[in-house]
Structures are given as structure tokens and as C-alpha cells.
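**Q** Supplied in C-alpha cells, the structure appears directly below.
Since every read-out is calculated from the coordinates, none of them should be taken as a lab result. Only a predicted model underlies this, so the values are computations on that prediction, with no experimental measurement involved. Cβ atoms come from the backbone with ideal geometry, glycine included; neighbour counts cover every protein chain shown.
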Amino acid sequence: PTTIHDLLYNDKYTILCSYRVKVPLKHGQVHLVHCIPEKSCTVKAVSKPDDEYRVSVGLPKNMCRLPPPCESWQVQYEYICPLLPSGDAWDPKTHTFYVWGDLDFDEYGDSHISTVPPHLRAIHPCYMNQIVPQTMIGNCVAISDPDTYKWTGKTFDSWVIQAQYYWRPTKKDSRANCGPAVEVEPGDLIRTRIEYDAQDGSINVVIAVVGESGDERADKRSEIVLARPFLHDPSLFESWKDFFGKCIAAEEQGDDNAATPSSKVPRQDDETNSPGLRGSVKSAESNNRGAMARACLNVEYKGRVDLETLKSVCPFRVKKAAFPGVPFDFKWNTHLYCPRTGRVQVLEDSEGSKMSLAIDDAVTMT
């Protein structure tokens, strides 16, 4: 069992056991679970309640390639702050909404993405790497220690914006660098800027309310500056420029090994000191190749979720999604998601009701 706990249901105590099947079945086999109670009771199999829904707007993976590390760049998103969540199930103490436009670099390192190849997985030992300034409400990641970057949560009854960098040194350990949390109102135009400076190798992260003049309001703004990734361990990378260069060098090594796995002669520009990595920031720039960075916008809803509450904050009104080299009029992919269904165009709840949400009602892009 992955989870066992007691809960009170219809004035009776129930033991709930949750199993996650990890071994695939062969033809003719079935999974069998024995329940042998000590006292008389009723045994009933039920589906696990949904604990996450998402409305997602994403750039196709083959277009998520940044400029080379020698060039500065900016990723920018704009969207309308949603209405306050409502519905019988909504509880800010146990539910969470994160609305965000992000960049993640999980195509590199010991990532949660199972398809990352070994030569890219070896770049660093961390499990997750996400720059995610967000608009949020409910029980949220909100406060970070300035030395250890361990975070604590806080419950918000109204929407706030916060610049945030979130990463996982291991699968079970998460850290964050959180900027100030600033109250915003439904209907506010929210702008996110993620800006890389090629000169010093840092990334500036801003989320702000846009005023009527089109400028960001100084009193409705949250900002952090990231000198490097994985702030808990300065030995991993000197800067984001160092990180990008080593990622690209590892990709080049994989390309070279695939072309001539045993006879490739080392190049003269092999300057990296990292074990197993060949190439350098210089060689990456000379090939005009940039690192991969997944660009996405989400309404991320967590807790004992239900569609009525999700529908109360929809549609997700995206006004702008700008990524280097991608035309402004390019149509980004949209889908709904929950762990039970994967990516879908129409989301139905797990309780057997007739309630559903279609993607055309969940998001608009103008």
C-alpha cells in the first residue's frame, strides 16, 4: 500500500488503503488484493479521488530552444487574474490554485522526466528546476529561508502574485526562492518577465500588475534575481550561463557519440572540468545552439479538487505568450490534465457525475 489512513465517513470509521500498481500484467494475469478484516465489515473498491486538475497552454517541445548562452533573451506572458474560486468544495486551507507562466529546464539532470537520456541526466543530481512566477490562492508555497531556501506555506484567502524559483535537490526534498507576495484583484492584467543577462549570466524574474498606461505598477510587483540555478549548492554551477553551456556541451557529446560512438577524436576546444562532459560555453556558442527550456502557462489546481471549483475560475484568459524566436501569432497548444486521464480536451470528474469542462470553455487566447 502507498497510503493507509483512517477517515470518518457517514459517522463510521473507515480504513482506506491506496495501491499503485508498478508491475505490468502479462497476458492472462490479474492483480489480486486480499483484505482479511479481524472484525465484520464491508469491503468496497472505489476510485481514488482526483487531487489535481490543470488548464495548460504550452509551446511544442521542438520549439522550446533558447538562443545561445552569449545572447540575452526574455520570455514574457500576460494573462487576466481570474475570479475568486467558488463552489461548495472550495476551502483555501486545503486547496491551492497556482496560475503561472514558467520556464523549466527538466530536460537536463536527474529529472522527474523518464525520457531524459543518460548523457543529459548526468549533468547534475537535482530532480526539478523551474522558474515559476505565479498568481496564487489557498494553501501555497510562500516563504523561503534566505540561507537554506527551505520553504514554508501560507494560506491566502485572496489572489497574490509572487516571483518564485522552485527546485528539488532530490525527489523528496524541495526548495524555493520566494519574492514578496503582493495582493492583486480579479480582472488585473498580470505580466510575467523571465530575463536572462548574457553579460553576468543571471536571470531576473518579475511578476507585476500592468496599469492602464501599459507600464508595470511599482506597488504591485514582485521580483527576484537568480545568480545561478540550484541556490542551495554553489558548487554545481557558477551561473546560468555556466549551466546553459554545460547542458549544450552534453547534448553535443550525445550527438557525437551517436554518430561515431567509438572512434570520435576529442576536439581541441574541450575545456570543461565536469566529468563525462565534453565541450564548453565557447564551443556551444560557436554552434549557435541554445539550451532547451519548456515554456508553459497553467492554471494548476491541487487538493480534493472538483470541477465546479475549477470552472469558477475559468476561462483562463491569456493575452500574451512570447518566447525567443517564436512568432507572436503562433498558436500554442492547449489541453486539460489530471493524473487519472492524462492530457484531454474534455475533462470529466471521477465521481460519476455528468459535470465536465471542455478546453474551449477553459481557456481563451487573444
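**Q** Given R₀ = 25 Å, what would the calculated FRET efficiency be for Lys172 paired with Asp147, taking r from the Cβ atoms and rounding to 0.05?
**A** On the way: r = 21 Å, r/R0 = 0.82.
Given R0 = 25 Å and the Cβ-Cβ separation, E is 0.75.
**Q** Then there is this: Evaluate the distance, in nm, between pseudo-label points positioned 7 Å from the Cα of Gln199 and of Arg304 along their respective Cα→Cβ axes.
**A** That separation, rounded to one decimal, is 5.4 nm.
**Q** Note the direction-averaged projected area, equal to a quarter of the hull surface, for the Cα convex hull of the range 293-333, in nm². Display every interim value, and only then the final one.
**A** Numbers: hull surface 16.1 nm².
Taking the Cα atoms of the range 293-333, their convex hull projects to 4.0 nm² on average.
**Q** Next question. Give, to the nearest whole percent, the P(r) tail of the range 302-366 beyond 21 angstrom, counting all Cα pairs. Show your work: numbers first, answer last.
**A** Numbers: 660 of 2080 pairs.
Value for the range 302-366 (Cα pairs over 21 Å): 32 percent.
**Q** Can you give the net charge of the other residues whose Cβ lies under 11 Å from the Cβ of Ile143, counting K and R as +1 and D and E as -1?
**A** Numbers: positive: Lys150, Lys154; negative: Asp145.
Counting the neighbours of Ile143, the net charge comes to +1.
**Q** Thr94 to Arg217: extension gain in nm, 0.36 nm per residue of separation minus the Cα-Cα distance?
**A** So the chain would gain 41.2 nm between Thr94 and Arg217.
**Q** Separate question: Once fully extended, how much extra length lies between Ser86 and Ile113, figured as 0.36 nm per residue of separation less the alpha-carbon to alpha-carbon distance?
**A** The span from Ser86 to Ile113 would gain 6.4 nm if fully extended.
**Q** So, in nm, how far is label Lys319 from label Thr155 when the simple model puts each one 7 Å beyond its Cα toward the Cβ?
**A** In this crude label model, Lys319 to Thr155 measures out at 3.2 nm.
**Q** In addition: Quick one: net charge of Cys314's neighbours, Cβ under 14 Å, K/R +1, D/E -1? Each step should come with its number before you reach the end.
**A** Numbers: positive: Arg54, Lys311, Arg317; negative: Glu300, Asp306, Glu308, Asp360, Asp361.
Combined, the nearby Lys, Arg, Asp and Glu give -2.
**Q** When you count, for each residue, the other Cβ atoms within 10 Å and take the mean per peptide, how do 245-251, 109-115 rank with the highest first?
**A** Going from most to least packed, we get 245-251, 109-115.
**Q** List the aspartates and glutamates whose Cα sits under 19 Å from the Cα of Lys331, skipping any in the same chain fewer than 8 residues away.
**A** Filter leaves Glu78, Asp102, Asp360, Asp361.
**Q** Starting from the Cα-Cα distance between Gln74 and Ala358, subtract it from 0.36 nm times their residue separation and give me the gain in nm to one decimal. Kindly include the intermediate steps, with their values, before the conclusion.
**A** Values: separation 284, 0.36 × 284 = 102.24 nm, distance 3.19 nm.
Extra length available between Gln74 and Ala358 comes to 99.1 nm.
**Q** What aspartates and glutamates sit close enough to Lys150 to cross-link, taking a C-alpha to C-alpha distance under 14 Å and skipping anything fewer than 8 places away on the same chain?
**A** The reachable aspartates and glutamates, counting only those whose Cα sits under 14 Å from Lys150, are Asp173, Asp233.
**Q** Let me ask you something else. Relative to the compact-globule scaling 2.2 N^0.38 Å, provide the ratio for the alpha-carbon radius of gyration of the range 36-188. Walk me through the numbers before you get to the answer.
**A** Values: Rg = 19.4 Å, N = 153, 2.2 N^0.38 = 14.9 Å.
My calculation over the Cα atoms of the range 36-188 gives 1.30.
**Q** Related question: Lys354: which aspartates and glutamates have alpha carbons under 20 Å from its alpha carbon, excluding same-chain residues fewer than 8 sequence positions away?
**A** Of all the aspartates and glutamates, those that pass the test against Lys354 - Cα under 20 Å, at least 8 places apart if same chain - are Asp50, Asp51, Glu52, Asp88, Asp306, Glu308.
**Q** Something else: Find out how many positive minus negative residues lie around Arg304, taking Lys and Arg as positive, Asp and Glu as negative, among other residues whose Cβ is under 10 Å from that of Arg304. Mind dumping the intermediate values first?
**A** Numbers: positive: Lys302; negative: Asp50, Asp51, Asp91, Asp306.
So the environment of Arg304 carries a net charge of -3.
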